Amino acid sequence: GYGDMGVYYPPYNGDSLGAAAVTRALEREAAAGGLDFVLHFGDISYARGRGYIWDQFMTQMTTLSEQVPYMVGVGNHEYDHVSGGDKDPSGAPENGFHPEWGNYGDDGGGECGVPTSHRYISPDNGNGVFWYSFDYGLVHVIQISSENDFRPGTRQYEWLEKDLKSVDRASTPWVVVTSHRPLYTSQQQDYMEYPWSKYQNCDKFGYQRMTANSTHMNIQWVTAPGNEI
């Protein structure tokens, strides 16, 4: 799984050469039988309101998504908005989630998650493409949205708590949770002091792996008893 991609078609190939390399590598891996599915947790096409960029991205990913399921979640560039909240398919109040301790703005370019919701199909056990879960083999996979309010008492938090409590650890001993923004970071950034980790509770829910995107890097944390990383 990974976050961020974009397209490699002109005029963006100067910024997204990595998208071509990753796409071709995934195609080869899928063709060789090395992939069962792909998790892409946010910042998918970087269209930001430009439909033709979405079309380019979907064309770019056709060969891969014909071979394996391509499961996505939303990031700030699919969703974040400061107006038009009445069109938000996630059902978030007003204009979405804008905590004072986060850098949530209008990175979605007016999309409000609408193109993502219409272009991708997700399991119907959550809130569309915003949060959902599924089982694959011995793994229970949960996609959550860092762009929607995830604090205790919210719809997403209550859904996540219920979903985690329902996991049968005998049949799916591994639990993977994905999010576009990380709960922890090793980078020195102007937002690093904000209390992301106060909403994380590995002892209570018992998930073993949290995977997230941070500034075009994939970071994984494997937890142990006592919330040790």
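The values are calculated or read from the model by the stated rules, or taken from the named source; none is laboratory data. Quick caveat, the model's predicted, so the values are computed rather than measured. Reconstructed Cβ throughout: ideal geometry from the backbone, glycine too, with neighbour counts over all protein chains shown. Ligands, DNA and RNA are excluded from the accessible area calculation, which covers all protein heavy atoms including side chains. Shrake-Rupley method; radii C 1.70, N 1.55, O 1.52, S 1.80 Å.
For Y46, the conditions (1) modelled with pLDDT of 95 or more; (2) within 24 Å of Y132 (Cα to Cα) all hold with the exception of (1). Among the residues of region 103-118, those that are assigned to a loop (DSSP other than H, G, I, E, B) and open to solvent by 30 Å² or more (accessible area, probe 1.4 Å) comprise N103, D106, D107, G109, G110.
If only residues of region 119-144 that are surrounded by fewer than 21 Cβ atoms within 10 Å (Cβ to Cβ) and without any contact (Cβ under 8 Å) to a residue 12 or more places away in the chain are counted, the one that is farthest from the chain's Cα centre (by Cα) is D124. Those helices (runs of 4 or more DSSP H) of region 49-102 in which at least 3 residues are without any contact (Cβ under 8 Å) to a residue 60 or more places away in the chain, considering only elements entirely within it, cover 51-60, 62-65. Pull up region 79-96, narrow it to residues that are charged (D, E, K, R) and surrounded by fewer than 16 Cβ atoms within 10 Å (Cβ to Cβ), then point me to the one that is modelled with the lowest pLDDT. Applying the filter and picking the extreme gives E94. Out of A25, A19, A32, one residue alone is under 27 Å from Y136 (Cβ atoms), small (G, A, S) and open to solvent by 50 Å² or more (accessible area, probe 1.4 Å). It is A32. Here P152 meets each of (1) more than 24 Å from G49 (Cα to Cα); (2) touching a Phe, Trp or Tyr at 6+ places or on another chain (Cβ under 6 Å); (3) at pLDDT below 95 with one exception, condition (2).
Quick check on this structure: which one of V72, V68 is hydrophobic (A, V, I, L, M, F, W, C), at pLDDT 95 or above and touching a His at 6+ places or on another chain (Cβ under 6 Å)? Of the residues listed, the single one that is hydrophobic (A, V, I, L, M, F, W, C), at pLDDT 95 or above and touching a His at 6+ places or on another chain (Cβ under 6 Å) is V72. Hey, does region 126-139 have a residue that's modelled with pLDDT of 95 or more and farther than 27 Å from V68 by Cα? So far as region 126-139 goes, no, none of its residues is modelled with pLDDT of 95 or more and farther than 27 Å from V68 by Cα.
Looking at M71, M61, just one residue is open to solvent by 10 Å² or more (accessible area, probe 1.4 Å), in contact with a Phe, Trp or Tyr (Cβ under 9 Å, 6 or more places away or on another chain) and within 29 Å of G137 (Cβ to Cβ), and that residue is M71. Determine, yes or no, whether T178 is over 28 Å from I53 (Cβ atoms), open to solvent by less than 40 Å² (accessible area, probe 1.4 Å) and of a type in the set (S, T, N, Q). Against the criterion (over 28 Å from I53 (Cβ atoms), open to solvent by less than 40 Å² (accessible area, probe 1.4 Å) and of a type in the set (S, T, N, Q)), T178 does not qualify.
Mind listing whichever residues of region 22-48 are of a type in the set (A, V, I, L, M, F, W, C), part of a loop (DSSP other than H, G, I, E, B), closer than 14 Å to D4 by Cα and in contact with a strand residue (DSSP E or B) (Cβ under 7 Å, 6 or more places away or on another chain)? Of everything in region 22-48, just one residue is of a type in the set (A, V, I, L, M, F, W, C), part of a loop (DSSP other than H, G, I, E, B), closer than 14 Å to D4 by Cα and in contact with a strand residue (DSSP E or B) (Cβ under 7 Å, 6 or more places away or on another chain), namely I44.
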